[in-house]
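Here the structure is laid out as C-alpha cells; the discussion comes afterwards.
Please treat every number below as a calculation from the coordinates, not as lab data. Worth saying up front: this structure is predicted, and the values here are computed from it rather than measured. Every residue, glycine among them, receives a Cβ derived from its backbone with ideal geometry; neighbour counts consider all protein chains shown.
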Amino acid sequence: MSLTQPQVAAPVTLRTPASQQRTPELDGLRGMAILLVILCHYIGNAQHAQLGFFLDHLFTCMTAGWSGVDLFFVLSGFLIGGILLDARESPRYFKTFYLRRVHRILPLYYSWILLYVLVVSVIVFLVHRPVYVLPEGVRITTRDFYAVPNYLVFIQNMLYSPTRFEWIWLIVTWSLAVEEQFYLVAPPLIRYVSLKVLVILLASTIFVAPILRYVSFVYLTDFQRLYQFAMPCRADALSLGILAAIAWRWDPFRAFLAKHPAVLPRAVIYLGLLVFAEVWWLVRPPNLVTVTIGYTSLAFLYVCLLLLVLSQTSSTAAHVTRYAWLRALGGISYCVYLIHMAINSLAHRILLHDEPRIYDWKGVIITGGALVLSISLASLSWKFVEKPLLRRGHRFSF
C-alpha cells in the first residue's frame, strides 16, 4: 500500500496528539505504564520468598512490570512523532519543539540530580563517620560523584558502571537518556525525509534493533547492559510508536480499522499470549529470549493496545484507560518514575537496615508509605512545578 499521499498536517476526525486537548485514553496508558514499573520495583524486586511458594512466584511475575518502560517508549514515539508530523512544515519547527521539551524534562530532572549531589556532598564532606547504603557495607564515597557529568548530558545509558548508591538514586534515568537521544534523531528525520522513506527507515529499525541487542548481548560483554540501555537497541518501540502516529493520520488505515473492528482486539490477545509465554524469561536476569524477541513482542503488544483504545473508545480496554485514578496517575507519572525507586529503597535501608521487603508487616508498611510519599510529592510537583512549566513551554507555538 502507498503511503505517499497522507496529509499529515490536516486535521483528522478524532483527536490527535498535536491538539491542545488531552486524550484521556493516553493519560490512562501512561498511568498503566507507571503502575507496571511500580509493581516491578515495589513488589517484584522486593524480598518475598518467606511468603511461601505461591505468593513468592506470583510476586516474582510482577518483575515483568519493567516492561512499562516499553509502553512509555511506544507512547513517546506516538505522541512526539505525531506532534512533529503535524508541525513538519512549521518555520519554528525545531525551536518550538526543543523549547517545549526543555520546559517539560529538564527542570525536574536536573533538580533530582542536584539533590543527589547535595546528599552525597553532605555525607562525604560533613558527616564524620562512615555512611552505608547496604547492611553488608557499601560505603558512599567521592566515587559517587564521578558519573554526574554523564547524567547532565544524557549519556549515562552508554557506558554504565554505577556505584550502589548511584544505582538506587539514578538508575531509572537510563530511559530518559534514551528518550533525549531519540529527540535528537527524530525531528530532523521527520522534517527532511519523505514520508515513504521515513516509513522504510522505521520498519528497518524495528527489524535491526533485535539484531543489535543480540550482537551486544553475545559479543560486547564488556559494555555492561548496552543491549538494554542503548538507544539503538531500544529504538524498535520508539519506531513503532512513530509508525502508529503515521498510520493514525492515514485515512485508509483508519477506514480499515473501522471496517475490521476485530483485528486489534485479536492482535492484543494473541500478542498478550505470546508475552505470557515469555514470562519465564522476562522475570529473570537478561537473557537471549528477552533481549531479542522479548522487547519487540512487548512493543508490538503495546502499540496494538494504544491503537485499540484510540480507535474503539467504547471497548473495555478504552474504558479501563479512562478510569479517573489511572489518568491521574498518568498525569504525575514523570515525577513518580523519577523518584519512586530511590524513596522505597532508602526508606527500607534507613528504617529497617535491609533491602526492600514485603514479607512482614514492617516491610509492607514502609513500602506502602514509600508509595504514598512518592505519589504525594509527584502531585505537588505537578501542581506547583511541572504544570506551570508545561504551560510556559506551550507559549512557544509551531
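Quick look at the numbers
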item	result
At R0 = 56 Å, FRET efficiency that the Cβ-Cβ distance of Arg191 and Ile365 yields, to 0.05	0.60
Shape call, segment 25-126: gyration tensor on alpha carbons, a/c limit 1.5	oblate
Of Val153, Ser121, Ala230, farthest towards positive along the dipole that unit charges on Lys, Arg, Asp, Glu beta carbons give the chain	Val153
Residue exposure sequence - Arg234, Arg249 - by fewest surrounding Cβ within 10 Å	Arg249, Arg234
Helix 361-381 vs. the chain, principal-axis angle (Cα, 0 to 90°, nearest 10)	50 degrees
Nearest-ten-degree value, helix 93-121 long axis tilted from longest Cα axis of the chain	10 degrees
Segment 221-284 shape via C-alpha gyration tensor axes, a/c threshold 1.5	oblate
Residues His260, His394, His340, His103 arranged by fewest to most Cβ contacts within 10 Å	His260, His394, His103, His340
Rounded if a/c under 1.5, otherwise prolate or oblate - segment 282-398, Cα gyration tensor axes	oblate
Two-decimal Rg/Rh across segment 272-345, once Rg and the Kirkwood Rh are taken from alpha-carbon atoms	1.06
Burial ordering of Trp361, Trp169, Trp280, fewest other beta-carbon atoms within 10 Å first	Trp361, Trp280, Trp169
Net charge dipole size for the chain [Lys, Arg +1 and Asp, Glu -1 on Cβ; Debye, nearest 20]	1140 debye
Neighbourhood charge, 14 Å Cβ-Cβ cut-off, centred on Ile113 and excluding it, Lys, Arg +1 and Asp, Glu -1	-3
Calculated Cα Rg over 2.2 N^0.38 Å (choose from [x] 1.00; [y] 1.15; [z] 1.47), label	[x]
Helix-only [θ]222 nm of the chain, DSSP H runs n ≥ 4, -39500 (n - 2.57) each, per residue, nearest 500	-20500 deg cm²/dmol
Gained length - His353 relative to Trp325, 0.36 nm times residue gap less alpha-carbon distance	6.8 nm
